[in-house]
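Chemist: First the structure, which I've put down as structure tokens, then a few questions once you've had a look.
The values are calculated or read from the model by the stated rules, or taken from the named source; none is laboratory data. Only a predicted model underlies this, so the values are computations on that prediction, with no experimental measurement involved. Using ideal geometry, Cβ is built from the backbone for each residue, glycine included, and neighbour counts are taken over all protein chains shown. Heads up: the accessible areas ignore ligands, DNA and RNA and are worked out on the full protein's heavy atoms, side chains in. Shrake-Rupley method; radii C 1.70, N 1.55, O 1.52, S 1.80 Å.
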Amino acid sequence: MRSRDIGRRSGSPGQLGGSSLAGLPRRSVESLGETVATLPPREATLAEPPEMPRELARALSSMGAKRLYSHQLEAYERVRAGENVIVATATASGKSLCYKIPAFENALENPSNRALFLYPTKALAQDQLQKISKLMLRGVHPATYDRDTPKALRAEVRKRANVILTNPDMLNVALLPSHDSLWADFFRNLKIIAVDEAHLLRGVFGSHVAAVLRRLRRVAELHGADPKFVLTSATIANPLELAEVLTGVPFTLVDNDGASSGPRRVVFRNPPLKDEEKGDRRSLLTEGAFVFSKLVAQGVRTIAFAKSRKSAELIYRYAADRLGPELARRISPYRAGYTIRERREIEGRLFRGEMLGVVSTNALELGVDVGALDAVVCCGYPGSVASIWQQWGRAGRAKEPSLAVYIAGRDSLDQYLYENPEKVLGRRVEAARLTLENSYILGPHLLAAAYEAPLEDRDEEYFGYAYGAVVEDLVESGDLVESGGRMHYTRGDKPAWDISLRSADSGSVLVADREGEVIGSVEARRAPMDLHPGATYLHRGRAYEVEDLNLAAHNALVRRVPNRYYTRVKVDTDVEILEESEKRDLPNGAALHWGRVRTTDVVTFYKKIQVQDSREIGVFPLDLPPTTFETRGLWVTLPPLSPPEGNTRPNFVEFLGSLHAAEHAFIGLLPLFAMCDRGDIGGLSIAMHRQTRLPTIFVYDGYPGGVGISERGYDTFEEVARDTLGVLARCPCKKGCPACVQSPKCGNWNEPLSKDGALKVLRYLLGQVSRYPTL
């Protein structure tokens, strides 16, 4: 088995120390895939804790923290000096103590002092509540406040709790709108605001949370408070920038990790090819079940991460079949959608060692304590390199050895990481992007802020330089009323309730069955693609066929059908350039642009495809209205199309296939740099665009107003293009496959595509060749 030397190596490859991995033969490890690195253990850098209340020192000692890691002490001292701090260190490095210690110290000094801890999930907040409660700190009264909090207890929580654990959604709809009537004492005494797992706050969700955090600052200051922020993050390229854009205040970065870590063997596995010409590989789910069951069968305590609920259930089912009844009882799936009791039972059995393995979605990625695990199997790219490390960090905590396995999926980004493991193990290139310049996101939050207190000109300091223009539009539309130099919200409802923190589009289409029961919803702009008549709509593993879509009434009617078919739409896309904000020259007379664009999509046909064998059943026409929105995008222009030698006419279809394939391949790799999903990005290639009058490739943010994805693509264009070229050159397929140029989201059914042509286009744009791509 070949071993690639990535980073530092130490120790014997076959020996991993004193956990259940110790008895795992070297041959067994190597059979899992290719060992790309053995990361050495790291000793802790410890420091004596500062002088603190005796009660707090006792509690820290009881949890084994008689001394602090160096980054914990640095964060504490900076918070005490009045600084806002972001801590970016490894998983399981004790980041939560960086905000807990100053918050608890405040509460012990004066029980009236308050702290607000924000977590991305309710499960993580509940887990942290249990940990805090076990400390039994007299004077510290923690409580969760979310949708599961019984209404009968909410008044008591508001009155008594001085450490509130909640999430951005609840802060948006409950705490901020009621700050004056129900939460005045809390905000008046607010000292610490902690935001856990801040690297997850990117794109549309991050932009919404940034607006919520600006509203939080404004409300706290209205009550005379000046709370300090403590954010924690995985290691990314821009933690300091992220913190400051999220909150609008200066931050200090603490990233010198003082925590210890055990040795970690890193194994990369690529499912074998079934058809080299087509680039078709064995199923990622089958491979995940094979590796997971092999480890569990040898007594290795293992967690496998899947990208979706359905994938987690299927990997579990396949693994259970492999293991047999006795060992199958010692594994379980775990995902959102289970009841609280089911999740707590699984967590408890894992923590007590009664289970050998669990297959989870990212629900267990975020620090819920499930005890000691020895191996992690990451089944496909989870959305960011930071998430890969978060998942790997669930095993081998403290000084224990661990095994980390990455199984590559079929798409281009997975295959790229398999071929370039240093992109995972080396310097972080991915940057979390968000924006407060998007009027589709900022506008609803300004209405919510006006409900909380009338807006004034000086509120620009909270909401950024787009504030003035957006407020002006809201006054002009009648959503805000100006009086005495202040902007008032005069309607009787609570505008925060109309905000979805995970969408840039406030409109949605409700999906109902024949009995009238609402079973789901889809963003209005996505409805023609996902809910067209004849579409297969999946909900909790059940298949429904759409019978009727009424866009005016914002509803779709569906009926239950056997899960035999899925559908794919054909979309005609047009991109109009509205404003060019930036431009730079590329080699060979090409140019790169970035600015404001308007996209128009029209769904014209759909295919019906059999689930069992992917056989196409038929193609059916559709007559639906266009969907239009403004966003931000980059576009690449090539010099005018010239005829090949001999004055023969250029092959326009072949040339368009070259541009189209290059666009797909670039979009496939951009998420590694912009921390987004491939589905967050749109694209269009055209042999001659009506405005540029040149061959043009567009790559744009797939959300109204944009969220910074294409801007990151503009900034890193050459690096992304070089890496994309490497993916295409190394892919073993002949004419293009899902691992290089085919896209699962293509609205043109991946036609036309030319892999060879895409190689020529990318080399031309990078200046590696001067011969025009049509020649």
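Chemist: Taking a Cβ-Cβ separation under 4.7 Å as the criterion for a possible partner, which cysteines of the chain have none?
Modeler: CYS98, CYS378, CYS379, CYS676, CYS746
Chemist: Starting from the Cα-Cα distance between ARG514 and TYR465, subtract it from 0.36 nm times their residue separation and give me the gain in nm to one decimal.
Modeler: Separation in residues times 0.36 nm, less the Cα-Cα distance, equals 12.8 nm.
Chemist: Determine, from the Cβ-Cβ distance of GLN612 and ALA297 and an R0 of 35 Å, the FRET efficiency 1/(1 + (r/R0)^6), rounded to the nearest 0.05.
Modeler: With R0 = 35 Å, the Cβ-Cβ based efficiency is 0.70.
Chemist: Looking at [x] -0.60; [y] -0.40; [z] -0.27, which value of log10 I(q)/I(0) by the Debye sum over Cα atoms at q = 0.05 Å⁻¹ comes from a calculation on the structure shown?
Modeler: Label [z] holds the value from this structure.
Chemist: Which FRET efficiency value, to the nearest 0.05, do you get for ASN110 and ARG349 by plugging their Cβ-Cβ distance into 1/(1 + (r/R0)^6) with R0 = 30 Å? Could you put the intermediate results ahead of the total?
Modeler: On the way: r = 41 Å, r/R0 = 1.37.
According to the calculation, E is roughly 0.15.
Chemist: In nanometres, what is the gap between the two model label sites at LYS278 and ARG771, each 7 Å from Cα along Cα-to-Cβ?
Modeler: For the pair LYS278/ARG771, the computed spacing is 3.2 nm.
Chemist: On the accessible surface of the range 488-627, probed at 1.4 Å, how many percent belong to carbon and sulfur atoms?
Modeler: That share works out to 45 percent.
Chemist: If you don't mind, there's one more thing I want to ask. Leaving out ligands, DNA and RNA, and with a 1.4 Å probe, what % of the accessible surface on the range 252-366 is carbon or sulfur?
Modeler: In the range 252-366, the share of accessible area belonging to carbon and sulfur is 46 percent.
Chemist: Summing -39500 (n - 2.57) over the DSSP H runs of n ≥ 4 in the chain and dividing by its residue number, what mean residue ellipticity at 222 nm do you reach, to the nearest 500 deg cm²/dmol?
Modeler: Numbers: 25 runs with 247 residues, N = 775.
Only helices count here, giving -9500 deg cm²/dmol.
Chemist: Please work out the average accessible area per residue across the chain, using the 1.4 Å probe convention, and give it in Å². Spell out each step's value before the answer.
Modeler: Values: 32120 Å² over 775 residues.
I get 41 Å² per residue for this part.
Chemist: What are the ³J(HN,Hα) values, in whole Hz, obtained from phi via the Karplus relation 6.51 cos²θ - 1.76 cosθ + 1.60 with θ = phi - 60°, for each residue of the range 119-134 in sequence order, with x given for Gly and Pro?
Modeler: Result, rounded to whole Hz: 10, x, 9, 5, 4, 5, 4, 5, 4, 5, 4, 4, 5, 5, 4, 5.
Chemist: Another one. Using Cα pairs under 8 angstrom and six or more residues apart, how large is the relative contact order of the range 347-506, in percent?
Modeler: 16
Chemist: Hey, another quick one. How much length would be gained if the chain were fully extended between ASP493 and GLU476, taking 0.36 nm per residue of separation minus their Cα-Cα distance, in nm to one decimal?
Modeler: 4.2 nm
Chemist: I want to check the label-to-label distance for GLU419 and LYS131. Put each point 7 Å from Cα in the C-beta direction and report it in nm to one decimal.
Modeler: 4.0
Chemist: Listed highest first by mean packing, meaning other Cβ atoms within 10 Å per residue, what order do 516-524, 34-42, 696-704, 445-453 come in?
Modeler: Working: 516-524: 14.6, 34-42: 19.1, 696-704: 25.1, 445-453: 23.0.
In descending order of packing, they fall as 696-704, 445-453, 34-42, 516-524.
Chemist: If you take the beta carbon distance between HIS554 and GLU342 as r and set R0 to 30 Å, what does 1/(1 + (r/R0)^6) give as a FRET efficiency, to the nearest 0.05?
Modeler: 0.35
Chemist: Suppose accessible area is computed on protein heavy atoms with a 1.4 Å probe; arrange TRP749, TRP392 from highest to lowest.
Modeler: Working: TRP749 35, TRP392 0 Å².
So the residues, ranked largest to smallest area, are TRP749, TRP392.
Chemist: What percentage of the solvent-accessible surface of the range 651-770, computed with a 1.4 Å probe over protein heavy atoms, is contributed by carbon and sulfur atoms? Can you show the working numbers first?
Modeler: On the way: 2000 of 4070 Å².
Within the range 651-770, the accessible surface is 49 percent carbon and sulfur.
Chemist: Still on this model: For a protection proxy built on the mean count of beta-carbon atoms within 10 angstrom, sort 545-558, 411-424, 92-105, 482-495 highest first, please.
Modeler: 92-105, 411-424, 545-558, 482-495
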